Amino acid sequence: MKVAVLISGRGSNLRSLLEVAAQPGYPAEIVTVIANRPGAGGLDHAAAFGVSHQTIDHKDFPDRTAFETALTAALKAAGAEMICLAGFMRVLSSGFVRQWQDRIINIHPSLLPLFPGLDTHARALAAGVKLHGCSVHFVNEAVDGGAIIGQAAVPVLGGDDPDKLAARVLKAEHRLYPYCLRLLAEGRIRLIAGRVAIEADPDPGHSLL
Ligand code: GAR
């Protein structure tokens, strides 16, 4: 499966995907990395792995439609079949999402449907939850609202602040995203009535999680 990864910043999730995609037998290939912010740190990871990368700065376009037209052209030129959002901090229009229906996934730093949107770690601490984590989900027209593919939970510990909690969640993200992308690329995920069904792993020992 040919995958494009969209980023806005440091790209640590991108790096975890690049690392697994470089392993023999991993079923997804990262064909391009696109940043919407010039100088996004993740572009260096793409370069280090010899993966094609480019910046399409949303500020260079008069509106969202023009930006997304350029994005679509770049994705098609790269032969992308699937889009992974990895810290991509731009909301995609419903037109774009429909065009790529069931072919965009995202990683979000909370156990959805809790804490969609921003500042998830501070909000988790304020809510007093004792488990927090991350989710990989399909992208639909509702922000952070698409069908959930996989989740990983971490404890909230006494003495946590948003940064400490974010660091614990991020480690879980780096295991979860490669695992979920592998399920998808192996064709083991079905969307049934808006929910994800996962075929049993014939070889659970092989799991990356
Ligand atoms: C990650 O924690 C990711 O879950 C989050 O941004 C961070 C990106 O880090 N994404 C969102 O909040 C999307 N709404 P990274 O650039 O090091 O992968």
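Where a number appears in this text, it was derived from the coordinates with a stated rule and is not lab data. These figures come from a predicted structure and were not determined experimentally. Because the Cβ atoms are built from the backbone with ideal geometry, glycine has one as well, and the counts that use them run over all protein chains shown.
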Is there a residue in segment 63-83 that is within 15 Å of the ligand (Cβ to nearest atom), within 18 Å of K2 (Cβ to Cβ) and either touching a residue at least 40 places away in the same chain (Cβ under 8 Å) or exposed (fewer than 14 other Cβ atoms within 10 Å of the Cβ) (or both)?
yes
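One line per residue, one yes/no per condition, for (1) surrounded by 15 or more Cβ atoms within 10 Å (Cβ to Cβ); (2) in contact with a Gly (Cβ under 9 Å, 6 or more places away or on another chain):
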{"site": "L114", "(1), (2)": "yes, no"}
{"site": "G159", "(1), (2)": "no, no"}
{"site": "P162", "(1), (2)": "yes, no"}
{"site": "C180", "(1), (2)": "yes, yes"}
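Any idea which residue in segment 17-39 is nearest to R175 (Cα to Cα), counting only those that are surrounded by 24 or more Cβ atoms within 10 Å (Cβ to Cβ) and not β-branched (V, I, T)?
Step by step, filter segment 17-39, then rank; the result is L17.
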Meets criteria (closer than 21 Å to K2 by Cβ and surrounded by 16 or more Cβ atoms within 10 Å (Cβ to Cβ)) for A86
yes
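Table: residues versus (1) within 12 Å of the ligand (Cβ to nearest atom); (2) farther than 28 Å from M1 by Cα; (3) without any contact (Cβ under 8 Å) to a residue 24 or more places away in the chain; (4) out of contact with any Pro (no Cβ under 8 Å at 6 or more places or on another chain).
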site	(1), (2), (3), (4)
R103	no, no, yes, yes
I107	yes, no, no, yes
A124	no, yes, no, yes
E141	no, no, no, yes
G150	no, no, no, yes
V154	no, yes, yes, yes
G158	no, yes, yes, yes
A166	yes, yes, no, no
L176	yes, no, no, yes
Any hit, segment 37-49, residues being away from the ligand (no atom under 16 Å from the Cβ) and either β-branched (V, I, T) or not in a strand (DSSP E or B) (or both)
no
Residues satisfying the stated conditions in segment 1-32, i.e. under 20 Å from E81 (Cα atoms), part of a helix (DSSP H, G or I) and not acidic (D, E):
N13, L14, R15, S16, L17, L18, V20, A21
Out of G159, G146, I need the residue that is assigned to a loop (DSSP other than H, G, I, E, B) and over 16 Å from the mean Cα position of the chain (by Cα). Which one?
G159
Selection within segment 189-200 - surrounded by 15 or more Cβ atoms within 10 Å (Cβ to Cβ) and among the charged types (D, E, K, R):
none
Within segment 69-85, residues being under 18 Å from the mean Cα position of the chain (by Cα) and farther than 12 Å from T32 by Cβ number 2
Within segment 64-87, residues being of a type in the set (G, A, S) and either under 14 Å from Q101 (Cα atoms) or outside any helix (DSSP H, G or I) (or both) number 5
